[in-house]
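Each value in this text was obtained by applying a stated rule to the coordinates, not by laboratory testing. Here the structure is a predicted model, which is why all the values come from computation and not from measurement. Note: ideal-geometry Cβ built from the backbone for every residue, glycine included; neighbour counts use all protein chains shown.
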Amino acid sequence: MNKKNQSEIVKHYKEFSRRDFVKYLLAGSALSASTLSKLNASVYQSITSLNQKYIEDESPDGVYWEALGKHFLFQDGLIMMNNGTVGPMPKPVFNTLIRHFKIQVTNPFDVYNFIPRKKEEVRTKLARFVNVSPDEIVITRNTTEGMNFVANGLDLKEGDEVLLSTMEHPGGIHPWKLKEKRYGIKIKEVPIGLPPKNTDEIVSAFQKAITPRTKVISISHTVYISGLIAPLKELSKMAHEKGVLVLADSAHGIGMLNLDMKELGIDFFATSPYKWLGAPTGVGLLYVRKEAQDKLWPTIASGGWDSYENARKYETLGQRADAIIIALGEAVSFQNSIGRERIERRIKTLAGYLKREVKKIPGVKLHTSQDPYLSGGLTAFSIEGVEPKKIVNYVREKYNIVVRTIGNKQAGTYGVRVSTHIYVSLKNIDMFLEGVRHLVRRKS
Ligand SMILES: Cc1ncc(COP(=O)(O)O)c(C=O)c1O
């Protein structure tokens with residue numbers, strides 16, 4: 001590709017029109033590494049100028065977020081409010097992904113030459129992002145894998161107890177079910193409210209369930225059914241006083257919340273960065289606290305499982321799709337360029353607005369806590385007499401808004417779940433609410 005074409009693409013990229021999405025995808029794979037780097041630099045330049053211009057931007061909506069939204073590659077008109085399932089990649093992440101996949105096509109030597117170094121850089125970046133040492137980071141494929149690594153890797157005996165909440169995801173339940181069947185451990189489910197009243201209600205429910213046989217609390221940090229953010233800090237403190245380990249299933253946590261593992265005090269933390277952090281699918285993160293590493297066996301083994309004296313011993317998986325790991329590093333850089341606190345605040349501000357307004361609609365039961373300490377970017381609710389599926393279908397047809405149904409009828413958790421990431425606007429939420437109100441009016 002000649003220089004003129006490249007600079008035209010860079011210019012075009014800055015003024016990216018969503019209609020050109022497909023053209024961009026095709027062009028992307030033909031771009032050189034240096035053009036892809038330039039494209040990324042132009043995105044970061046634009047974010048830096050926005051940050052300088054809107055230093056004190058606390059307004060819940062407005063130009064700052066609208067401009068940031070342009071660094072994503074959504075199809076024309078799509079309003080993506082289901083990060084809880086899979087989220088989008090920002091442009092720099094996609095560029096980095098293409099760039100590193102291209103290496104295998106054009107120069108496979110580099111796949112084993114310089115890529116391993118880059119992987120370590122990603123580990124360090126991730127460690128800083130969640131305030132731990134790189135020696136405590138395992139790069140997995142997703143949350144499910146992280147949960148399985150912990151359930152498999154702990155030496156538990158017949159009769160040992162593991163406490164789960166009643167709101168766990170299959171990826172957090174079945175690793176323990178397998179262990180129950182194989183080794184005779186005992187799973188005990190602790191009920192949590194929809195929503196719980198406060199932190200104390202959750203912590204004391206778990207405290208009461210602990211017996212001398214209890215070895216682990218395995219709990220969703222980000223409850224997929226209700227949007228609850230579990231108070232891990234308080235739970236860990238209580239559990240550690242009783243000699244119980246804590247494993248958090250935080251599939252949605254990274255990229256949604258400003259995480260600090262040291263502050264949370266947990267032993268193990270599994271997360272999926274393709275939901276809220278903007279990474280591609282196929283790469284995840286497991287934190288294993290240094291002090292817990294001698295209690296956890298590796299599940300997979302190749303060279304290194306018995307010689308690494310750190311969390312690298314849990315990922316001797318052989319050759320991997322390194323491009324997606326490096327793209328994960330770019331997703332961290334993208335969020336760092338905006339600011340993690342700012343991101344969490346934006347997400348919670350949008351969710352707060354949605355909860356306040358949806359609650360005013362007659363018949364609505366909010367399944368998510370209104371306390372910002374016990375909630376994040378997932379909001380779930382149900383409406384008496386209105387089928388959740390109807391809401392999901394109606395807002396998709398009418399406004400091209402993507403939300404989903406969640407939970408189940410028997411448990412009383414069936415409802416609609418909405419994700420409010422940074423690029424969602426108040427206008428988008430108002431459209432969604434208008435759709436809900438319309439269906440409620442039609443019912444009566
Ligand atoms: C709370 C929770 N745990 C675990 C998972 C499984 O995640 P993954 O498919 O990335 O392993 C999900 C997926 O949505 C989830 O919501």
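State the dimensionless ratio Rg/Rh of the range 384-441 (Rg: radius of gyration of Cα atoms; Rh: Kirkwood radius). My calculation puts Rg/Rh at 0.98. Within the chain, the percentage of alpha carbon pairs spaced more than 37 angstrom apart rounds to 28%.
Size estimate for the range 233-346 follows the Kirkwood approach: the inverse of mean 1/r over distinct Cα pairs works out to 15.6 Å. Classify the range 295-371 from the C-alpha gyration tensor, please: rounded if a/c falls under 1.5, else prolate or oblate depending on whether a/b exceeds b/c. Prolate shape, in that a/c is at least 1.5 and a/b is the bigger ratio.
Seen from all directions on average, the range 116-334 presents a Cα convex hull projection of 11.1 nm². Bridges between two residues of the range 116-334, per DSSP, are antiparallel at a rate of about 35%. Look at the Cα gyration tensor of the range 342-443: its axes a ≥ b ≥ c give a/c of at least 1.5 with a/b at or below b/c, and that counts as oblate.
Its alpha carbons considered, the range 170-213 gives a radius of gyration followed by a Dmax of 13.0, 37 Å. The simple spin-label model puts a point 7 Å past each Cα toward its Cβ; for residue 188 and residue 291 those points are separated by 2.3 nm. Placing dummy labels 7 Å off each Cα toward the beta-carbon, the span from residue 359 to residue 74 is 2.6 nm.
Scanning the chain for DSSP H helices at least 18 Å long along the axis (C-alpha atoms) with a Kyte-Doolittle mean no lower than -0.5 picks out 33-53, 91-106, 322-338, 426-443. Hey, what did the chain get for relative contact order, percent, Cα under 8 Å, at least 6 apart? Relative contact order, the chain: 20 percent.
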